[in-house]
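K.L.:
Next up is a structure, given as structure tokens.
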Ligand code: SF4
């Protein structure tokens, strides 16, 4: 039987008031204000889906995996290939980005099916692509609104933990700060990294990731949820022969929790000071390219 196509609209970026949003006020308040104003404009969205970028690869990959887990939850069958079922609402989506995301998702699903590190059971999947909003953000996080979009939460049983620790031929398990020792049956948050998979500094970034600390803190806000045992980062590599990599991320320490809050408070203060350009040139000329609001790039910023 051929499955009905699922029409998906690609949404740019993560959650509306997540860590990335708040940190952007510390980079350049003017840029943060401009980005926020234009975030939902049709031209911004069209440029995003029609131009190759790592963020687009990740957005497409997340869309495929979102529907994979949702199909599983709806008992439409784990064998359904999301790449064959999901169609995008947009008239044109960059072809290279779509192919790269397809390769990544296919290699991840092959590993999951073959080695069993992640359960393929409807009863084990808790939630998929869930936006969590802190109920008392000002008190807990120091900002009026704080949100996070978590990829998946599911229960891992002892057989999945054994598979993860088994170092199967096509997976790699990184032991961050001895965190593999913390692997135990329970509810785990999964986070995929598509663009980040290619970053040679990924391990360092994962070790000190305030985003992962914030995700775990936000998870604790969910009423009725048992506490998460932790977070596992999944890097579905796209190069043939390379493994899918799982990294167990330590639970946030008290220091990491305090740092999330301190940085958010600084970001809120920057936002309250208003959209003034910040005289730090690396924000205007980052190595990835000139700021899109710089007047030389046709933007409105008259700082120069
Ligand atoms: S060009 Fe520089 S100062 Fe102007 S908005 Fe961009 S980052 Fe900010």
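The values are calculated or read from the model by the stated rules, or taken from the named source; none is laboratory data. These numbers come from a predicted model, not from an experiment. Glycine also receives a Cβ, built like all others from the backbone with ideal geometry; neighbour counts cover every protein chain displayed.
K.L.:
Taking residue 304, is it within 13 Å of the ligand (Cβ to nearest atom) and either at pLDDT below 85 or assigned to a helix (DSSP H, G or I) (or both)?
P.N.:
yes
K.L.:
Quickly run through the range 154-183 and pick out the residues that are at pLDDT 75 or above and under 23 Å from the mean Cα position of the chain (by Cα).
P.N.:
154, 155, 156, 160, 161, 164, 183 - these are the residues of the range 154-183 that are at pLDDT 75 or above and under 23 Å from the mean Cα position of the chain (by Cα).
K.L.:
What's the number of the condition residue 38 fails, among (1) away from the ligand (no atom under 16 Å from the Cβ); (2) within 22 Å of the chain's Cα centre (by Cα); (3) without any contact (Cβ under 8 Å) to a residue 12 or more places away in the chain?
P.N.:
All conditions are met except number (1).
K.L.:
Pick from the range 134-147 the residues that are within 30 Å of residue 74 (Cβ to Cβ) and at pLDDT below 95: which of them is nearest to the chain's Cα centre (by Cα)?
P.N.:
134
K.L.:
Now, a different point. Given the condition within 16 Å of the ligand (Cβ to nearest atom), at pLDDT 85 or above and more than 23 Å from the chain's Cα centre (by Cα), answer yes or no: does some residue in the range 263-272 qualify?
P.N.:
yes
K.L.:
Could you pull out the residue among 19, 23 that is surrounded by fewer than 20 Cβ atoms within 10 Å (Cβ to Cβ) and within 30 Å of residue 270 (Cβ to Cβ)?
P.N.:
23
K.L.:
Here are 67, 20, 8: which of them is modelled with pLDDT of 85 or more and within 16 Å of the ligand (Cβ to nearest atom)?
P.N.:
Residue meeting the stated conditions: 20.
K.L.:
Here's another thing I want to ask about it. Residue 105 versus (1) under 21 Å from the mean Cα position of the chain (by Cα); (2) over 23 Å from residue 246 (Cα atoms); (3) touching a residue at least 60 places away in the same chain (Cβ under 8 Å): which is the lone unmet condition?
P.N.:
Residue 105 satisfies every listed condition except (2).
K.L.:
Of all residues in the range 251-278, which are touching a strand residue (DSSP E or B) at 6+ places or on another chain (Cβ under 9 Å) and within 16 Å of residue 218 (Cα to Cα)?
P.N.:
If the condition is that a residue be touching a strand residue (DSSP E or B) at 6+ places or on another chain (Cβ under 9 Å) and within 16 Å of residue 218 (Cα to Cα), then 251 is the only one that fits.
K.L.:
Looking at 59, 91, 51, can you tell me which residue is more than 16 Å from the ligand (Cβ to nearest atom) and free of Cβ contacts under 8 Å to residues at least 12 places away in the same chain?
P.N.:
After ruling out the rest, the residue left standing is 91.
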